[in-house]
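What follows is a set of notes on a single structure, which appears directly below.
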Amino acid sequence: MTEGFSNMIEQVKSFSPLQLAIIGVITLIIWFIPTFLGLIRNRKHIGKIFLLNIPAAFTFTSWFLLMGLVLIKFDSFAELKDRFLKRGKNKDQKADQPAMAE
């Protein structure tokens with residue numbers, strides 16, 4: 001394992017400054033996709049999205065959750081909470097209703 005890691009380090013050392021800059025820019029673009037989508041969609045919460053985006057890229061799960069927040073439409077976090085609570089109530093109501101015989 002350490003041999004593979006040291007090989008990777010040697011390859012990175014052989015990159016030119018231009019190659020490292022290109023890799024860095026591509027990494028930042030991918031990292032901040034949720035922020036860019038928030039800007040395009042004209043979000044009121046772009047500051048929160050940006051701040052959440054910084055640590056979110058370290059874990060793919062939270063990065064994808066943030067992408068979901070950006071892609072669904074809501075005006076406030078209270079509205080988002082209500083939407084999810086209603087969805088949960090609908091599932092509970094369906095489970096409580098007896099099945100109809102055909």
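The values are calculated or read from the model by the stated rules, or taken from the named source; none is laboratory data. A quick note: this is a predicted structure, and the numbers were derived from the prediction, not measured. Every residue, glycine among them, receives a Cβ derived from its backbone with ideal geometry; neighbour counts consider all protein chains shown.
Residues in region 1-32 that are more than 28 Å from residue 64 (Cβ to Cβ), among the hydroxyl-bearing types (Ser, Thr, Tyr) and within 30 Å of the chain's Cα centre (by Cα): none.
At least 2 residues being of a type outside the set (A, V, I, L, M) and within 27 Å of residue 72 (Cβ to Cβ) is the threshold, and among the helices (runs of 4 or more DSSP H) wholly inside region 2-56 those reaching it are 17-31, 33-40, 46-56. In region 26-45, the residues that are touching a residue at least 24 places away in the same chain (Cβ under 8 Å) form Cβ pairs under 9 Å with partners that are exposed (fewer than 11 other Cβ atoms within 10 Å of the Cβ) and basic (Lys, Arg), at six or more places apart or across chains, as follows: 41/73.
Of the residues screened, residue 35 is not one that is at pLDDT below 85, of a type in the set (S, T, N, Q) and under 23 Å from the mean Cα position of the chain (by Cα).
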